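Below: one structure, written as structure tokens.
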Amino acid sequence: MFQPVDGVDVDPAGLETVWLESVGAVLRRAGLELPRGPRTGAWRAGAGRQGLHTEPFGRMLAEMQHLHRSHPGASW
């Protein structure tokens, strides 16, 4: 998610730090902790920007598309 994108003048590492702090604070207030991920867990992130995803992502994407199409204009 925090990888450089051609034509976008943003520091991905800086965004990641701010994002982790912000999301971490919200999760701590909710009594939760940030899930183990590419830097702390046993799995490694794939190449999502290149269209390479795990099988569970396909099911999740299908569910999100179904909701979007079933409720046009809705916001959550």
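Where a number appears in this text, it was derived from the coordinates with a stated rule and is not lab data. Computed from a prediction, not measured in an experiment: that's the story for all the values here.
Tell me, what HN-Hα J-couplings in whole Hz come from the Karplus equation 6.51 cos²θ - 1.76 cosθ + 1.60 at θ = phi - 60° for each residue of the range 16-22, using x for Gly and Pro?
Rounded to whole hertz, the list is 4, 4, 4, 4, 4, 5, 5.
I'd like the Karplus ³J(HN,Hα) series for the range 56-63: coefficients 6.51, -1.76, 1.60, θ = phi - 60°, whole numbers in Hz, and an x wherever there's a Gly or Pro.
After applying 6.51 cos²θ - 1.76 cosθ + 1.60, I find x, 4, x, 5, 5, 4, 4, 5 Hz.
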